[in-house]
Amino acid sequence: MEQEQLAVTTELLAQDFAIEGAPGEITEEQLFRMFSDQVAFLIENRMEFLLSLMYRLDIDERKVDWALSPLSPDPPEEAIARLVLERQKQRAWTKLHYRPPILEEGWEDDGPE
């Protein structure tokens, strides 16, 4: 993942999951480990909140169910963290590639005519 996309992804995770002190320049692996710890805490202490975030972030419910299933090959916190990280990477890519144009100085919206 390019550094700018990683920075935006980190920022999105910090906003949505109240991760404090997320460093400015970290690797994707470091971000994943730090985020997995946060997800583990949420699974143990605030499961309803975590599930509402999954819904709000538009993460497929079937994938979340599989991640939390005992049949999943990965620990639940890692599987959920991976799903969220992938979704946030998509959001970051969209933010970086579809930025609104910068308006010129003095431009004003006169509203509908």
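The values are calculated or read from the model by the stated rules, or taken from the named source; none is laboratory data. The model shown is predicted, which means the values in this text are computed figures rather than measured ones. Virtual Cβ from ideal backbone geometry, glycine too; neighbours counted across all protein chains shown.
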For region 82-93, check the following and say yes or no: at least one residue is within 30 Å of Q3 (Cβ to Cβ), part of a loop (DSSP other than H, G, I, E, B), at pLDDT 80 or above and under 22 Å from the mean Cα position of the chain (by Cα). no
Any pair with Cβ under 6 angstrom, 6 or more apart, that starts in region 58-87 at a residue that is more than 15 Å from M34 (Cα to Cα) and ends at one that is basic (K, R): I59/R87
Residue hits (region 39-76; closer than 20 Å to E28 by Cα, part of a helix (DSSP H, G or I) and under 14 Å from the mean Cα position of the chain (by Cα)) are V39
In region 67-104, anything out of contact with any Phe, Trp or Tyr (no Cβ under 7 Å at 6 or more places or on another chain), of a type in the set (G, A, S) and closer than 21 Å to T10 by Cβ is listed as A79, A92
